[in-house]
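One structure below.
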Amino acid sequence: MDNHHFMFLGAHISAAGSLANAPKNGASLGCEAIQFFSRPPQGGKPKPVSDEDAASFQTAMRDHGVKRAYIHAPYFINLASSENRIRHGSVAVLREELERGSQLGAAGMMFHPGSSKNVGRKEGERLVIDGLDRIMEGYGGSCQLLIEISAGAGMVMGDTFEALAMFLDGARRGSEIGICFDTQHAFASGYDITTKKGLDETLETFNALVGLDRLVASHCNDSKVGLGEHKDRHEHLGEGKMGLRAFELFVTCPKLQHLDLILETPMDEKREEDMRLLKSFRL
Ligand SMILES: [Zn+2]
Ligand SMILES: [Zn+2]
């Protein structure tokens, strides 16, 4: 949370082949900030990050003018799973990703807390807080743990500001954990950020419950589904139910200038237009 004073714009990009390809791929899209998977998102053991790998990643960041890097945790993470194997595996992988992120000089690593469908909401919340404690136990790296707001499908946790606040308040080192916003997830969770009034009210609520200073980054995605429909479905900017105005408001909002914004729109040829639009809105 130290040097977040200027908004960098970027996208989730491929790190296929080598982690050092991520800054190069990001730069070719015009990214100032990048996000990538540092390991196979569906599962499987990653290749360890050697000192040499870390150095070539950081050289690639400099050479390609990319200012900030984020790691997105793999999809199978569930801190609230009823299965010990999945819960313990999730804690181990998230800690490993934090350590890998620290080696690479990444600013943060965002993850989705998971689903409480097999344990119930109350127990799920307890398990998430317990998981956060175990991930952070003895951690001394520089890559910040970030909880991402979810769209709240089924029993997916972390879809309300109240839930996020509970996680941060409940964890022993919660004051060191940040939040990754996602425009589509928030909209699908029922936060109408498509009008100035809606965005102002949403951020006021967020500030009262969580604190705007806890926001580190946000995913910038339009939504295939309507307000409060609780589905995680990204769309290109201006082509979904949120509309372009929502992103102009978001990018120009004075209260959000300390965030980095990351596109997670479909990985096709229209992403260049998404990137161009984001930049065109910037103050
Ligand atoms: Zn995510
Ligand atoms: Zn999503």
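Listed by chain and number, the lysines whose C-alpha is less than 19 Å from the C-alpha of K196, apart from same-chain residues fewer than 8 away, are K241, K255.
Rounded, prolate or oblate for the range 9-281? Axes are the square roots of the Cα gyration tensor eigenvalues, ordered a ≥ b ≥ c, and the cut-off for rounded is a/c under 1.5. Write out the running numbers ahead of the final one.
Numbers: a/c = 1.57, a/b = 1.01, b/c = 1.55.
Oblate is the answer for the range 9-281, as a/c is 1.5 or above yet b/c matches or exceeds a/b.
Sequence-ordered 3J(HN,Hα) estimates for the range 141-151 from the Karplus curve with 6.51, -1.76 and 1.60 and θ = phi - 60° stand at x, 9, 7, 7, 6, 10, 8, 9, 5, 9, 7 Hz, glycine and proline given as x. Only the Cβ atoms of Lys and Arg (+1) and of Asp and Glu (-1) were treated as charged; on that basis the dipole of the chain about its Cα centre amounts to roughly 240 debye.
Comparing D213, D192, D182 in a Gaussian network model of the chain where C-alpha atoms under 10 Å apart are linked, the largest mean-square fluctuation is found at D213. Simple rule: put +1 on each Lys or Arg Cβ and -1 on each Asp or Glu Cβ in the range 1-127, find the dipole, and look at A11, G89, L127; the Cα lying farthest toward the positive end is L127. Taking a straight line from the alpha carbon of K47, these lysines sit under 21 Å away, with near neighbours fewer than eight places off in the same chain left out: K24.
Largest GNM mean-square fluctuation among P48, P23, P266, using the chain with Cα springs under 10 Å: P48. Only lysines eight or more places from K117 in sequence, or on another chain, were considered; those with a Cα closer than 24 Å are K231. Taking a ≥ b ≥ c as the square roots of the eigenvalues of the Cα gyration tensor, an a/c ratio of 1.5 or more together with a/b larger than b/c marks the range 139-190 as prolate. Farthest toward the positive end of the dipole of the chain, out of L164, F187, G101, is the Cα of G101, where the dipole comes from beta carbon charges about the Cα centre.
The length gained by stretching the chain between M155 and S142 to full extension, at 0.36 nm per residue less their Cα-Cα distance, is 1.5 nm.
With K and R counted +1 and D and E -1, the other residues having a Cβ less than 12 Å from that of L146 yield a net charge of -4.
Readers should treat all values here as calculations from the given coordinates under stated rules, not as data from a laboratory. In this text, all values refer to a predicted model and were calculated from it rather than measured experimentally. All Cβ positions, even for glycine, are placed from backbone atoms using ideal geometry, and neighbour counts span all protein chains on display.
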